[in-house]
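Beneath this line is the structure, given in structure tokens, with notes to follow.
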Amino acid sequence: MTRLVRILFLDIDGVLLSGRAWLLPANRRLQAKLTTMAGQGGTELIAAEAVFDPVAVELVNRVAEATGTQIVVSSNWRYRPGPRKTRCKLLEQGIRAELMHRDWFCVTASQFLKDKATDISRWLQAHPDVSDYLAIDDEADLVPGRTLPVDPLDGLGPREAAAAIRFFGAGHVALGVGALPPGDHEMVIAKHGGDRVSAAMWLEGVPVRLTRRHRPSFVLGSTRHGGMELRDWLRAI
């Protein structure tokens, strides 16, 4: 029997190498070097010396581990510096090799026209055993209904990671992703027009950056609140 798999399509720029990450001392020194370079040389230097946000890297590992997803790289790094250097960089920066799919990157449809959405679609067509998938990217709606958007200035943070875990119906104590009362998750998804990503983001306080104790998921998961309160709450959305 073929085992169905879950996939986490991963971007790099804006997700792991965000505006926040560029403020790291090593990256500020790198930026000074880049002012004297252009084109391919600059790209190669970034691949060699850039430091990813270590928190974002660990959050990717935790999402994949908690949800049982396998990582597939959809980033434009596949074009340049290319797959080999991209994999080396990800492993060097802390992405765990065992969490990556055996076909760990989307093969590029064209070296001249960058089209991540098409590359993801082609990868999925070549892997019919995929049962569920999500793309984490700074391009909103890269794959409609399947993209968890990340602010490229902040990169992947705990709220977005929590939303990704919620999307797959998993949990994570440290990130505050706990069980909801029976039927509540389905009710929230229905309120968001069947959009599981939007529902997960709302539950984990992503759109308005709520503190952990003010996230809808935390409030709904407490014993003081019930389904009727959720229905009243959802009417206000």
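The values are calculated or read from the model by the stated rules, or taken from the named source; none is laboratory data. All figures in this text were calculated on a predicted structure; none of them were measured in a lab. FYI the Cβ positions are ideal-geometry reconstructions off the backbone, even for glycines, and counts take in every protein chain you see.
Here are the numbers for the structure shown:
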| item | result |
| --- | --- |
| Residue match in segment 49-67 (condition: of a type in the set (Gly, Ala, Ser) and surrounded by fewer than 19 Cβ atoms within 10 Å (Cβ to Cβ)) | no |
| Matching residues in segment 16-34 - criterion: being within 22 Å of Tyr79 (Cα to Cα), assigned to a loop (DSSP other than H, G, I, E, B) and not hydrophobic (A, V, I, L, M, F, W, C) | Ser18, Gly19 |
| Residues of segment 1-48 satisfying the condition of being loosely packed, with under 15 Cβ neighbours inside 10 Å and closer than 24 Å to Ala161 by Cβ | Leu4, Gly19, Leu23, Ala26 |
| Some residue of segment 100-113 being surrounded by 15 or more Cβ atoms within 10 Å (Cβ to Cβ), polar (S, T, N, Q) and more than 13 Å from the chain's Cα centre (by Cα) | yes |
| Selection within segment 66-86 - farther than 14 Å from Leu17 by Cβ and of a type in the set (Gly, Ala, Ser) | Ala66, Gly68, Ser74, Gly82 |
| Lone qualifier among Gly41, Gly14, Gly19 - being on the phi > 0 side of the Ramachandran plot and of a type in the set (Gly, Ala, Ser) | Gly14 |
| Within segment 3-43, tally of residues that are under 22 Å from Phe105 (Cβ atoms) and in contact (Cβ under 8 Å) with a residue 40 or more places away in the chain | 18 |
| Extreme residue, farthest from Tyr133 (Cα to Cα), among residues of segment 35-51 that are in contact with a helix residue (DSSP H, G or I) (Cβ under 7 Å, 6 or more places away or on another chain) and in a loop (DSSP other than H, G, I, E, B) | Met37 |
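Okay, residues lined up against (1) assigned to a strand (DSSP E or B); (2) closer than 19 Å to Arg3 by Cβ; (3) touching a residue at least 40 places away in the same chain (Cβ under 8 Å); (4) assigned by TED's automatic domain parsing to the domain that holds Ala161:
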position: Glu65; (1), (2), (3), (4): no, yes, no, yes
position: Ile71; (1), (2), (3), (4): yes, yes, yes, yes
position: Thr86; (1), (2), (3), (4): no, no, yes, yes
position: Leu91; (1), (2), (3), (4): no, no, no, yes
position: His101; (1), (2), (3), (4): yes, yes, yes, yes
position: Thr108; (1), (2), (3), (4): no, no, no, yes
position: Gln111; (1), (2), (3), (4): no, no, no, yes
position: Lys114; (1), (2), (3), (4): no, no, no, yes
position: Ser121; (1), (2), (3), (4): no, no, no, yes
